[in-house]
There are 2 protein chains.
Amino acid sequence: MTAHSRRKFRREGEERRRQDLIEATLDCVAERGLPGATVRAIAQRAGVTAGLIRHYFPGKEELLQAAYAEIVGRMTEQAKAALAMEGAGPRRRLATFLAANLGPPVVDTRVFSLWAGFIGRAHADPALSVAHREGYLDFRDEVEALVAEVLEAEGRAAGKTQLRRHAIAINAIIDGLWIEGCLAGDIFEPGELADIGIATVEALLELDLREEEKT
Amino acid sequence: MTAHSRRKFRREGEERRRQDLIEATLDCVAERGLPGATVRAIAQRAGVTAGLIRHYFPGKEELLQAAYAEIVGRMTEQAKAALAMEGAGPRRRLATFLAANLGPPVVDTRVFSLWAGFIGRAHADPALSVAHREGYLDFRDEVEALVAEVLEAEGRAAGKTQLRRHAIAINAIIDGLWIEGCLAGDIFEPGELADIGIATVEALLELDLREEEKT
DNA sequence: ACGCTACTTATACACTTGCATAACAACGCC
DNA sequence: GGCGTTGTTATGCAAGTGTATAAGTAGCGT
């Protein structure tokens, strides 16, 4: 009778393990969808046993939320970086913002899979629903502010409702192109989505975002 | 000892039962998300017992696919109706097509919830993935054909790549606005999304879709 | 009215899930 | 180097899942 020898293991720092578990969760969701992200599958991918998850997170729900927060963080990080370009003029910042949201690492099947999984349960889970609405409105507000700056610098003041509609439309363009890129990225040339997005916004606002800016 | 009396039931026609089960599935998905659509929950909502499902469908998977097909059918039905307007000119048909995709019953939380649930598992399930890609390309081809007609009628021939990019952009606008409407329909006025969509496409194509057409 | 068919119910089963708990061992400290 | 702390494993459990199967009965043909 073979006495089952207990598995060897190493102790990792708390921060490291948490990050590993989150990354393993993202991998599982990306490969097998949200229902495929079971505690056992996540643990196996992280190289630990299932029970350990509950040593770092109150429950599976919290781990998923942490993973979702991680993804959202990475996405907004790119967008924020584009917005923070204080040196450039408004038009160039808008173009950079669009390009940042329509290329890697924002356009990615893993990101999309997690997004779809959470969004699908959004209106079943009220907490998730409001979190998402807030994220959406925040994003749209940023777009609206950016558009306002651009038009103002152009000497073309726009009314509140017009500004709102522009923000809604641009947000839709970003979302739509993002989804197309995530679902079928292989049928687009690299940078093509960003080009299309910028060109469409240019047509919408009736100006050239790539032209050299005049101080 | 109370002898459990067997539950009363009525026999329904095959078509009726199948439709009821599909409708019950849609309700469950809409209210509790895809994971909430268990065979027992579906059966309860349909007013039958769980075992009956397997009398009309080989398994749960097939029932879900039938429900998904039902939703897709209802969505494309609207779009096709707009396309079939042979009497009207190309510009009016494009506007109608846009409006049809950006209002009820296409813009609906139930539809979206089911869409999100399926799309989330899309790249885990190859069969689902190709089905979706085909649906997307079909839809985009329709958009492209419509745009081609409009530009042609205007005497503005466009190159193949330009046509393709227009179709991608318009498709993105539809998708993006559709999502916004489904997720937060209450913050938009009725018809506002359609207005924004049409206005954005007008800007993109540099023409007026609502102006009276000249024969 | 009676049987037959197949639609419907009821029960059971194998499996998976998240979670609880106890045994264990790796690492730091003295 | 021994020891305690606690990160980690191993095992078990109750609940829920889809599915299989047998029993029952509603409604139709005759």
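Any residue that is more than 9 Å from DNA strand C (Cβ to nearest atom) and under 19 Å from B:Ile119 (Cα atoms) - is there at least one of those in segment A:34-56? Scanning segment A:34-56, I find at least one residue that is more than 9 Å from DNA strand C (Cβ to nearest atom) and under 19 Å from B:Ile119 (Cα atoms), so the answer is yes.
Among the residues of segment A:73-132, those that are farther than 26 Å from A:Ala203 by Cβ, within 14 Å of chain B (Cβ to nearest Cβ), assigned to a loop (DSSP other than H, G, I, E, B) and not basic (Lys, Arg) comprise A:Asp108, A:Ala122, A:His123, A:Ala124, A:Asp125.
Taking first residues from segment A:38-53 that are in a loop (DSSP other than H, G, I, E, B) and partners that are more than 6 Å from DNA strand C (Cβ to nearest atom), the Cβ contacts under 7 Å between residues at least 6 apart in sequence or on separate chains come to A:Thr49/A:Ala43. Scanning segment B:18-28 for residues that are among the polar types (S, T, N, Q) and buried (at least 21 other Cβ atoms within 10 Å of the Cβ) turns up just one, B:Thr25. So B:His166 clears everything in (1) under 18 Å from the mean Cα position of the chain (by Cα); (2) crowded, with 16+ Cβ neighbours inside 10 Å; (3) within 11 Å of chain A (Cβ to nearest Cβ) except one condition, right? Which one? Of the numbered conditions (1) under 18 Å from the mean Cα position of the chain (by Cα); (2) crowded, with 16+ Cβ neighbours inside 10 Å; (3) within 11 Å of chain A (Cβ to nearest Cβ), the odd one out for B:His166 is (1). Give just the number: which of (1) surrounded by 14 or more Cβ atoms within 10 Å (Cβ to Cβ); (2) acidic (Asp, Glu); (3) more than 26 Å from A:Ile179 (Cα to Cα) does A:Glu31 not satisfy? Only one criterion in (1) surrounded by 14 or more Cβ atoms within 10 Å (Cβ to Cβ); (2) acidic (Asp, Glu); (3) more than 26 Å from A:Ile179 (Cα to Cα) is unmet by A:Glu31, namely (3). The number of residues in segment A:200-215 being more than 7 Å from every other protein chain (Cβ to nearest Cβ) and assigned to a helix (DSSP H, G or I) comes to 3.
Are any residues in segment B:25-55 among the aliphatic types (A, V, I, L, M) and either on the phi > 0 side of the Ramachandran plot or within 10 Å of DNA strand D (Cβ to nearest atom) (or both), and if so, which ones?
If the condition is that a residue be among the aliphatic types (A, V, I, L, M) and either on the phi > 0 side of the Ramachandran plot or within 10 Å of DNA strand D (Cβ to nearest atom) (or both), then B:Leu34, B:Ala37, B:Val39, B:Ala41, B:Ile42, B:Ala43, B:Ala50, B:Leu52, B:Ile53 are the ones that fit.
The requirement of being surrounded by 21 or more Cβ atoms within 10 Å (Cβ to Cβ) and of a type in the set (Gly, Ala, Ser) is not satisfied by B:Gly155.
All of the numbers you see were taken from the coordinates with simple rules; none came from a lab. Keep in mind that what you see is a predicted model, and the values were worked out from it rather than measured. A quick note on method: Cβ atoms are made from the backbone with ideal geometry, for glycine too, and the neighbour counts reach across all protein chains shown.
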